Every structure is written in C-alpha cells, then in structure tokens.
Amino acid sequence: MGAVPAWARAYVAGVVLLALACLAPVLHLRVPWGIAAPLAVLYAGCERVTLPLRPGAVGDSARGTVTFLPVLLAGAFLLPPSAAALVALPGALLARVEQRPRGPRRIWRAAQLAVAVWAASRTYGACGGRETLVTPDFPHALVPAGAAVLAFCAVLTVLDGGILALAERAPVRGAWHGLFARSLAPVAVHGLAGLMMAVLWRSPYGPVAALLVLLPMYVSCWVFAQYHRERAAHQATIRALVQAVDIKDGYTRGHSERVGRASVLIARELGMHDERVEMLRFAGILHDVGKLGVPTRLLRKDGPLTPEERRVIELHPEYGHEMVRGIGFLGEARSAILHHHERLDGSGYPYGLAGTQIPEFARVVAVADAFDAMTSTRSYRRARPVPAALEELTRCAGTQFDPRMVAALVRALDRHGWHPAVTADTAPAAASGIPPAHPSGTVGRSAP
C-alpha cells in the first residue's frame, strides 16, 4: 500500500475493522448455510465474469466494473445481517482488479460491501421485511425493500466519498457531490431484482426459479457495458484530436480542456440536463480543432498577422466543422465548433450571425473561450486577474457575448472559483505583437 496516502490507509483500516465488527456475530449464529453458501458462490461467479464499466460509479471506485448487486441484496433480504455481509466477501476478494495496488483495492471493496449489505439487511429486518417474504403482500413488501436499498446506497455513498477525498485527493466539498443521486436509480432496479430473487427463493419454486431473475439482469448489464465502451471510444477520439491541436499550437496547450470546463460551469448554471452538459463539454474541448487545417507557420508566427493571414486563420471554425461533420455522437457540439466566433451584434465570423441566430452552444463556448484566453498567461502577454476578465466580459455583453451566458459564468465562478493555468511562458510579452484587446472592444484571444 505504499502508493496509497497514509490517511487513506487509516481510513481503509477503519472500514475493515467496521466490517469485521459486522461479521463477528456469525461466530455465535446459526447461519442458514443452505442460503448463504449458494449466494456467496453465485456472487463470486458473477464477479469473475462481470463486465467492464467506467470507474467512478458509486460502489465501483476500486474497480471499473459492474457489481452484480441483485445477489447481494437478495442475501440482505433472506439472511440475518452478519450472514448477509458474509455473502459479499468471496466475490469481492476474488474479483478482477484493473488498477494497482490490487490487494488493498480488493480488501477495501470487500469491507465496503460487507458494511453496506449488513446495513441493508439490518434495515430490512427492522422494517419487518422478513415477514413479507413468507406471504408476499405487494405493494407493502416494497416498503422495507426500499428502505434497505436506501440504506445500502447511503453507506456506499458515504464510504466512496471518503475514499475519493483521501486516496484520490478529490476536493472535500465535491467528493460526495452527486454520488447518492447518481447511484439511487440503478441500485433501486437491482434491489427490485434482489427482492424478486428472495421471494422466489422462499416460494415453492425454490432457488432454481430465483436464479432465472439473473438472466435479464445480466443482459441489461451487458447492454450498459456496451454503452460505456462506446463512450470510452468517444473520449479516446476527442483526446486524440485535442492532443493533435495542442502539438500543433503549443502556445495554447491546455486551453481546450479549460474551455470545456468553463462551458460546463455555464451549462450547469443554466440548468441544462446532463446529456447536454456533456455535449457542451465536448464542444468546448473541440472548439479549436479546425486549427489542424491552418498552416503551422501562421499559428506560431512571431509578429502581427497580415489581413490575409488573419483571414486564413479565421477559416478554422469551418475547417473544424468539416473535420467533425461525420462524428455523429457530437450532435449540437458541431454547431458550436462552427459558430463560436460569431458575435451577438452580427460582426463575427464565419457567417455574421446575430442574436439568437447563433446556436446556444456557440454562445456558451464563445464566453468560455474568451474567459480562458484572458485568464491564462501566454507567450505574448500575462494573464488578467479573474475579476478583470469578468469585468471585460460584462462590458462586451450584448455586443460580442450573450449577457445570459456571461451572467451564468459570473454566478458559477462566485460559487466554484477558478484556477487559471500557464500555457506558455517562454517568450517575451511583446513577441507576437498581438494586443490583449482590439480597439473595437473585442476581447483578445490566443488566435482569431
């Protein structure tokens, strides 16, 4: 565990001790091994064939995989708390782990699940759930099951947020943000499947009928995994394009990611739903991809641009749009790539759109792009302080920028702050000859 911070090691050790305390009553309990052993073996088998998923979901911080929760929750409904916690151990300790250190991650995962299943089983019993399995009475049987799911989800959220803050050094304020809300719906679906398993297990049809519940669940997990594989492919495509732009235009390295981050801040402040927020992040990251079609000598020129050279660079939004035209998953992001240099008063490019003719995504990215350009130190000028950049954006709102987007960025930064980064600082400030702002009032950019 040398790579794990000391506080994280202490945290994991504390959770392991808590898990052992949850398991301790097994030593003095008549465990119904006819239920516990098959469920433990079944869960271990499911973990060995489990499907890859993006890391970061609640309950999956140690591994990028889907955890087969119906089996665990069926154990919580069928068994006493300590015996239910025991079901999670073999599968968690034998599961495949992609990231190092593998041993501590397995131990953490086993302890985390044991505590969560114990809490779910204890809650289920306290709500009278055991009696509802004998003579199932729907929808009343759903009440204790729902309480158990909430307890399970809450424990995973608390423990996952702690490990994110200590081991992955996530900001304390944001470590738990959204974890419970994101996990509740999928865990609730798994909880319903676990309840069906438990009811069938206690029914005259027996354990074999209960196992049939797992087939549609496994198919749904497979479909879910395919979706996340596709998302991973999208991310890889975008990373490759951004890296190519950064290599070609080294003066603005990191600019694309920061524009994506600022665009997300604006989008969330405007109340956009998650799918549009993600698409807007793509738009911000890829807004300058058209620079791949601009001659490198112009992007790296030491000195002012001639009018003809400026016109060539001003073609980069159209180049970018052509490059991503065939990438279907980008959706609305393509319009932002094409129109992020339009101005609200109609004097922008490439088409001179005005007002609401400019797509909403493009109006967001335009503000994010100008803000990062002003607050980042470049080879030809020093960064402006954030308040000064916001003052300039506000001054240009209504002519160059959409006032609603500017106001959203101001509110978002009041809440979350901003940490500008240096993208290039090797040349003297006057090397390029490009002023930080044009006389017409246009906010200065790294390139037109």
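Miscellaneous remarks
- Area accessible to solvent at LYS301, 1.4 Å probe radius, in Å²: 60 Å²
- LEU211 - accessible surface, heavy atoms, 1.4 Å probe, Å² rounded to 10: 80 Å²
- Accessible surface ranking that places the most exposed of LEU179, LEU166 first, with a 1.4 angstrom probe: LEU166, LEU179
- Taking ASP402, ASP274 and ordering them by how much accessible surface each has at a 1.4 Å probe, largest first, produces ASP274, ASP402.
- Positive-end extreme of charge dipole, region 97-197 - chosen from ALA148, ALA119, LEU159 (charges on Cβ): LEU159
- Sites ASP302 and LEU211, calculated FRET efficiency, Cβ-Cβ separation with R0 51 Å, nearest 0.05: 0.10
- Protection proxy ranking of 11-21, 111-121, 347-357, 287-297 - average other beta-carbon atoms within 10 Å, highest first: 111-121, 287-297, 11-21, 347-357
- Pairwise label distance in nanometres, LEU142 with TRP222, each label 7 Å out on the Cα-Cβ vector: 2.9 nm
- Distribution of pairwise C-alpha distances over region 203-326, 5 Å bins, in %: 2, 9, 14, 15, 14, 11, 8, 6, 5, 4, 4, 3, 2, 1, 1, 1, 0, 0
- For the pair ALA21 and GLU332, a Förster radius of 60 Å applied to the C-beta separation gives a FRET efficiency near 0.70, rounded to the nearest 0.05.
- Taking all protein chains as they are arranged and a probe of 1.4 Å, the heavy atoms of ARG363 leave approximately 40 Å² accessible to solvent.
- Between HIS273 and VAL41, the simple label model (points 7 Å from Cα in the Cβ direction) yields a spacing of 4.5 nm.
- Built amide H within the under 5 Å cut-off of PHE401, gap 5+: LEU344
- Accessible area per residue (1.4 Å probe, heavy atoms of protein chains only) ranks MET323, MET196, MET374, MET272 as MET196, MET323, MET272, MET374, with the largest value leading.
- As a calculated quantity, the FRET efficiency between ALA232 and THR135 at R0 = 60 Å, using C-beta atoms, amounts to about 0.80.
- Spin-label model, GLU391 to ARG9: label points 7 Å out along the Cα-to-beta-carbon direction sit 5.0 nm apart.
The values are calculated or read from the model by the stated rules, or taken from the named source; none is laboratory data. This is a predicted model, so every value here is computed, not measured. Ideal geometry is used to build each Cβ from the backbone, glycine not excepted, and the neighbour counts take in all protein chains shown. Side chains included, ligands, DNA and RNA excluded: accessible areas come from the protein's heavy atoms. Shrake-Rupley method; radii C 1.70, N 1.55, O 1.52, S 1.80 Å.
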